[in-house]
1. On full extension of the chain, what length is gained from Leu37 through Ser20, given 0.36 nm per residue of separation minus the C-alpha to C-alpha distance?
2. Which of Ala64, Val3, Leu77 sits farthest toward the positive end of the charge dipole of the chain, with +1 on the Cβ of Lys and Arg and -1 on the Cβ of Asp and Glu?
3. Could you tell me what a quarter of the Cα convex hull surface of the chain works out to, in nm² with one decimal place?
4. Would you mind working out the accessible area per residue for region 1-68, using a 1.4 Å probe, and quoting it in Å²?
5. In whole percent, how big is the carbon plus sulfur part of the accessible area of the chain, probe 1.4 Å, protein atoms only?
Amino acid sequence: VEVLEEFPGVQPSLGLFLCSIAPRLQPRYYSISSSPLAAPDTPSLTVAVVSGKTGTGREHRGLASNWLGALPVGQKLLV
């Protein structure tokens with residue numbers, strides 16, 4: 001994204017951008033923070049929301065952690 005901002009005249013196709021420039025999303029691993037003894041059918045996750053500046057000064061927000069952080073407390077999800 002920084003390269004495209006630096007050179008606004010370059011306009012790659014969406015397919016080229018998504019396949020060649022954008023990094024492939026990696027799996028996100030989370031820790032189960034609940035006990036099966038306390039709630040055998042309800043796992044809980046503890047997630048740290050990732051947000052901050054990159055070395056180039058660009059704002060970085062973690063995709064999965066910010067999505068999870070925006071959910072209402074107690075929101076049920078299907079996994």
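1. That pair, Leu37 and Ser20, stretches by 1.5 nm at full extension.
2. Going by the Cα projections, it comes out as Leu77.
3. 7.5
4. About 86 Å² of surface per residue is accessible.
5. 62
The values are calculated or read from the model by the stated rules, or taken from the named source; none is laboratory data. None of the values given here were measured: they were computed from a predicted structure. Quick reminder, even Gly has a Cβ in these numbers, built from the backbone with ideal geometry, and neighbours come from all protein chains shown. For the accessible areas, the whole protein counts, side chains as well, though only heavy atoms, and no ligand, DNA or RNA atoms are used. Shrake-Rupley method; radii C 1.70, N 1.55, O 1.52, S 1.80 Å.
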